[in-house]
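The structure appears right after this line, and notes come after that.
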């Protein structure tokens, strides 16, 4: 009986131990799966980080050029503001120095007057003071007059002393302000020097990037592709502006109010040039002489001096101003009847969206924003969104 009980106990123990062992195996397997999942998720995060970093490295050349030019423009604006503050400080110093000279001359006159009064008082004191002067005669009226005279002199002397002190305080205050202005001038000149170094650094970055575009085929082909895409985006913008202008004027799409040969259209071959300079990039298909890449230029490049004026070739309405990737600072004018002109690479924009401009009015200055080849104006003429050869619209030069 005892042996049977022992056997039954062993069987029960074994039956109870089997599920516990299985549970431990399941828990161990679950932990392994969790660790494997964590490892997989970690690898996935690392791969995503690498992909994001690669994407950042492969940013478009136009975006990189835009970032450089925006930084360069900001530094140049800061430099201009600092130079303006320097001029203001120098003007203030000259004004204060002029006041100091005037106050010193005034104080010299006051000192001379006070010296005469002191000599007179010293002489009077050596003669026994003011009492002998007052009581020198027997006439009470004469004595009263003499007393009033001496009292008036004392009041005048007191005023002279106060004015002399006031002049000295004004001089001290002006000299202190001159010193403050000179310290600010010194600080501004140091900041100008820093900003000039920053401008030089950004300009160097720009030159390096453009040199790669001009010398390395891979960079050149990437830039050519991006410029082609930029031209498509510009066409889409013009279509959008055209549709917007039509909605404002409540015109049917695709139909002009007047025939093309009216208004702007009547001036084919006689429009003034938008800036002085020579054409260095013609309208139409372009083949790169070194790399053989083919692109289509929808306007012309006019080489001009940095800062030269850009003028409206015809009266119109400003429908766009601002930065446009691939074109830099861009101005678009609507001349009515579906005619538009575009002016790109501007250094400064002198008009705002919504302005009405007259023919010959300065709307900006020539620069190299977005340009791959230095200061120039990129100029387009468009009718119903389609590019026209500007050479057919601008008056011929002798």
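Which members of segment 53-65 meet the condition of being at pLDDT below 70 and surrounded by 10 or more Cβ atoms within 10 Å (Cβ to Cβ)? Break it down stepwise before answering.
Restricting attention to segment 53-65, the residues satisfying the condition of being at pLDDT below 70 are 53-59.
Within segment 53-65, 53, 59 meet the criteria.
I'm told residue 273 meets every condition in (1) at pLDDT 95 or above; (2) within 21 Å of residue 384 (Cα to Cα) except one. Can you identify the failing condition by its number?
Among (1) at pLDDT 95 or above; (2) within 21 Å of residue 384 (Cα to Cα), the lone unmet condition for residue 273 is (2).
Looking only at segment 284-302, how many residues end up being touching a residue at least 60 places away in the same chain (Cβ under 8 Å) and surrounded by 17 or more Cβ atoms within 10 Å (Cβ to Cβ)?
Going through segment 284-302 one residue at a time, the tally reaches 5.
Test residue 96 against the criterion of being modelled with pLDDT of 65 or more, farther than 26 Å from residue 227 by Cβ, touching a helix residue (DSSP H, G or I) at 6+ places or on another chain (Cβ under 6 Å) and not assigned by TED's automatic domain parsing to the domain that holds residue 372, and give yes or no.
Details: modelled with pLDDT of 65 or more: yes; farther than 26 Å from residue 227 by Cβ: yes; touching a helix residue (DSSP H, G or I) at 6+ places or on another chain (Cβ under 6 Å): yes; not assigned by TED's automatic domain parsing to the domain that holds residue 372: yes.
Here the answer is yes, as residue 96 does meet what is asked.
Please find, among 75, 123, the residue that is over 30 Å from residue 223 (Cα atoms) and either at pLDDT 85 or above or exposed (fewer than 13 other Cβ atoms within 10 Å of the Cβ) (or both).
Details: 75 fails: over 30 Å from residue 223 (Cα atoms).
Selected residue: 123, the only one of 75, 123 that is over 30 Å from residue 223 (Cα atoms) and either at pLDDT 85 or above or exposed (fewer than 13 other Cβ atoms within 10 Å of the Cβ) (or both).
Checking the condition at pLDDT 90 or above, assigned to a loop (DSSP other than H, G, I, E, B) and under 23 Å from residue 62 (Cα atoms), which residue from 306, 301 passes? Let's see the steps before the verdict.
Working: 301 fails: assigned to a loop (DSSP other than H, G, I, E, B).
Criteria check complete, one pass: 306.
Any residue at all in segment 345-367 that's in the same structural domain as residue 297 (by TED's automatic domain parsing), part of a loop (DSSP other than H, G, I, E, B) and under 18 Å from residue 278 (Cβ atoms)? Show your work before the answer.
To start, the set of residues in segment 345-367 that are in the same structural domain as residue 297 (by TED's automatic domain parsing) comprises 345-367.
With part of a loop (DSSP other than H, G, I, E, B) added as a condition, the list becomes 350-355, 358-361.
Now drop any that are not under 18 Å from residue 278 (Cβ atoms), which leaves none.
No: zero hits.
At pLDDT 90 or above and either in a helix (DSSP H, G or I) or not assigned by TED's automatic domain parsing to the domain that holds residue 327 (or both): which single residue out of 180, 163 fits that description? Walk me through how you get there before you give the answer.
Values: 163 fails: at pLDDT 90 or above.
After applying the criteria, what remains is 180.
Looking for whichever is outside the structural domain of residue 77 (by TED's automatic domain parsing), in contact (Cβ under 8 Å) with a residue 24 or more places away in the chain and in a strand (DSSP E or B) here; the options are 372, 333. Which one fits?
Numbers: 372 fails: in a strand (DSSP E or B).
The match here is 333.
Would you confirm whether or not segment 251-269 contains a residue that is farther than 25 Å from residue 66 by Cβ, modelled with pLDDT of 90 or more and touching a helix residue (DSSP H, G or I) at 6+ places or on another chain (Cβ under 9 Å)?
Taking every residue of segment 251-269 in turn, at least one turns out to be farther than 25 Å from residue 66 by Cβ, modelled with pLDDT of 90 or more and touching a helix residue (DSSP H, G or I) at 6+ places or on another chain (Cβ under 9 Å).
Using the structure shown, decide if residue 241 is over 25 Å from residue 73 (Cα atoms) and touching a strand residue (DSSP E or B) at 6+ places or on another chain (Cβ under 9 Å). So that I can check it myself, show each step before the final result.
Working: over 25 Å from residue 73 (Cα atoms): yes; touching a strand residue (DSSP E or B) at 6+ places or on another chain (Cβ under 9 Å): yes.
So residue 241 fits the description; yes.
The values are calculated or read from the model by the stated rules, or taken from the named source; none is laboratory data. Quick caveat, the model's predicted, so the values are computed rather than measured. No Cβ is skipped: glycine too gets one built from the backbone with ideal geometry, and neighbour counts run over all protein chains shown.
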